[in-house]
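Read the structure below first, then the notes.
The values are calculated or read from the model by the stated rules, or taken from the named source; none is laboratory data. Computed from a prediction, not measured in an experiment: that's the story for all the values here. When we count neighbours, we look across all protein chains shown, and the Cβ atoms used for this are built from the backbone with ideal geometry, even at glycine.
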2 protein chains.
Amino acid sequence: MKKKPLILLSNDDGIDAPGLYILAKALKRFAEVKVVAPSIQQSAVGHAITVRTPLRAHEFRRDNEIFGYAVDGTPADSVKLGIRSILKLKPDLVVSGINDGLNTAVNVIYSGTVSAATEGTILGIPALAVSIEYTQHPDFGPAAKVASAVAKFVCKHGLPKDTILNINVPAIPANKIKGMKFTRQGRSRWDDKFYQRKDPKNRNYYWLAGDMRILDHDDDVDQVALKKGYISITPIHFDLTHREFLEKMRREWDGKLKMKL
Amino acid sequence: MKKKPLILLSNDDGIDAPGLYILAKALKRFAEVKVVAPSIQQSAVGHAITVRTPLRAHEFRRDNEIFGYAVDGTPADSVKLGIRSILKLKPDLVVSGINDGLNTAVNVIYSGTVSAATEGTILGIPALAVSIEYTQHPDFGPAAKVASAVAKFVCKHGLPKDTILNINVPAIPANKIKGMKFTRQGRSRWDDKFYQRKDPKNRNYYWLAGDMRILDHDDDVDQVALKKGYISITPIHFDLTHREFLEKMRREWDGKLKMKL
């Protein structure tokens, strides 16, 4: 019998999040799953890592057994520490999720869920991030199935170096989902509002709020595919180079941009 | 007389960092400069934003006048709050730095300096991130001149939508700098090591350390240009889509990746 693949599972909602638990159960059907995740909720931390204080990790028990390791740090910390110090071996795949809230468009940049997966690829391991559309009573079931199917496929076929699959699942019943689309990341972003309030000592404080401003309309974009009832799968990487503009700079800026040092 | 451009200046080392102060002085020669920066050191926070607690900001005085606003949050928080609530108007440019330490290759992902600039472009404003190579006695002078020259150029010529210029300056005397190169982001990354230690109560803790593993050798890559004595300017964006692989997925994965929901 072929050896089961080894999967490191993490998230940004914390090791006790229901989305992580359901995904762990689904992945365990075909893989050995090790859970290393933040001890507490870490939404919108981006790709933060802890460099100025030490990290701690402790066993986390669930259903009368060791479920995984809780790290007092960020999602990226959890994956780094998990692979380098806790597992001490290289998993075949890193999976992050299931996040309760979509990670599409500009949210990809703020996402702790995506950053855990990104850290996997930085360490040379293919990775998936899995998120569902936010609702008051989330059903993680369909997303767990999608994630399992994609994880199995990737364990078999691999991914190019430094590639993450960013999977987002719409909040509609499984039988209404139309299929899946391979998409690109959208450009939609938040119209932030800060609510300014006064504390009991009459000092200002600010709450971030706001709505998503939709700038995407093409069918092949993450947000649009979801809106139309598809699962969105976007291949992403961490090379931020703006290649088109780099070529333009080389052609047009050379000689024009001058400076004296 | 033409109106002076308005620049929002931020960083990740904190509002009292010398790199920020020197850059503010240099930019003030041709621009109106508003400083909104984290109240304390925020290295390696990536693109974190504060969503679960409110933010606070206070005036920060220096040289017997108001130098800027200190935000109890991340670099991205500072830029968001600065533009949306403190300035309440759109600057012509966002500048972040000068960071004491290069932001090249994989460090771009972890960088708070870059994230402040990225937040500027998310809000629709062209942005620069400026960093120098770390030394024990940093000289921010050459980088301040480079940043000023580029800032002036960008205020005049603009940048394409959603584009950040990531500027890195080598730690060599100004007269040894060979010029500048328009580069792409490198692939080099850290060989992380965690030092496991015991606290006085005999519990484990882990310190992150490690060395950069050099994977880049091409002349047009940020790291290599710096090593050869050039200033590196990399145009970056926040669209993480892996376009080449997306096309391959569309050609080869459709029909093969199956799932039952």
Report every pair of residues separated by at least 6 positions or lying on different chains whose Cβ atoms are under 8 Å apart, first residue within segment A:4-27 and free of Cβ contacts under 8 Å to residues at least 40 places away in the same chain, second among the aromatic types (Phe, Trp, Tyr) and surrounded by fewer than 21 Cβ atoms within 10 Å (Cβ to Cβ). A:Lys4/A:Phe30
Breaking point among (1) surrounded by fewer than 23 Cβ atoms within 10 Å (Cβ to Cβ); (2) away from chain B (no Cβ under 14 Å), for A:Leu93: (1)
Would you confirm whether or not segment B:201-221 contains a residue that is touching a Gly at 6+ places or on another chain (Cβ under 8 Å), more than 7 Å from chain A (Cβ to nearest Cβ), at pLDDT 95 or above and over 21 Å from A:Thr163 (Cα atoms)? no
Which condition from (1) at pLDDT 95 or above; (2) more than 17 Å from the chain's Cα centre (by Cα) is the one that A:Thr113 breaks? (2)
Quick check on segment A:27-34. Is at least one of its residues among the aliphatic types (A, V, I, L, M) and in contact with a Phe, Trp or Tyr (Cβ under 8 Å, 6 or more places away or on another chain)? no
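Yes/no matrix, rows are residues, columns are (1) surrounded by fewer than 23 Cβ atoms within 10 Å (Cβ to Cβ); (2) under 16 Å from the mean Cα position of the chain (by Cα); (3) free of Cβ contacts under 8 Å to residues at least 12 places away in the same chain:
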position: A:Gly68; (1), (2), (3): no, no, no
position: A:Lys88; (1), (2), (3): yes, no, yes
position: A:Ala105; (1), (2), (3): no, yes, no
position: A:Ala127; (1), (2), (3): no, yes, no
Look through segment B:31-56, keep the residues that are aliphatic (A, V, I, L, M) and at the interface with chain A (Cβ under 7 Å from one of its Cβ atoms), and return whichever of them is surrounded by the most Cβ atoms within 10 Å (Cβ to Cβ). B:Val45
Residue among A:Asp77, A:Asp12 that is more than 10 Å from every other protein chain (Cβ to nearest Cβ), within 24 Å of B:Leu208 (Cβ to Cβ) and within 15 Å of the chain's Cα centre (by Cα): A:Asp12
Identify the single condition in (1) over 28 Å from A:Lys2 (Cα atoms); (2) more than 9 Å from chain B (Cβ to nearest Cβ) that A:Ala144 does not satisfy, given that it satisfies every other one. (1)
Find the strands (runs of 3 or more DSSP E) located wholly in segment B:137-199 whose residues include 3 or more that are under 20 Å from B:Asp13 (Cα atoms), and list them. B:164-169
Residue count for segment A:205-230, restricted to those that are among the aliphatic types (A, V, I, L, M), assigned to a strand (DSSP E or B) and surrounded by fewer than 23 Cβ atoms within 10 Å (Cβ to Cβ): 2
Test: residue in segment B:241-260 that is at positive phi, more than 8 Å from chain A (Cβ to nearest Cβ) and within 21 Å of the chain's Cα centre (by Cα): no
Matching residues, segment A:231-261, being of a type in the set (A, V, I, L, M, F, W, C), free of Cβ contacts under 8 Å to residues at least 60 places away in the same chain and crowded, with 19+ Cβ neighbours inside 10 Å: A:Leu240, A:Phe245, A:Leu246, A:Met249
Could you grab me the full set of residues in segment A:96-130 that are in contact with a strand residue (DSSP E or B) (Cβ under 6 Å, 6 or more places away or on another chain), more than 9 Å from every other protein chain (Cβ to nearest Cβ) and within 19 Å of A:Gln41 (Cβ to Cβ)? A:Ser96, A:Gly97, A:Ile98, A:Asn99, A:Leu102, A:Asn103, A:Thr113, A:Ala116, A:Ala117, A:Ala129, A:Val130
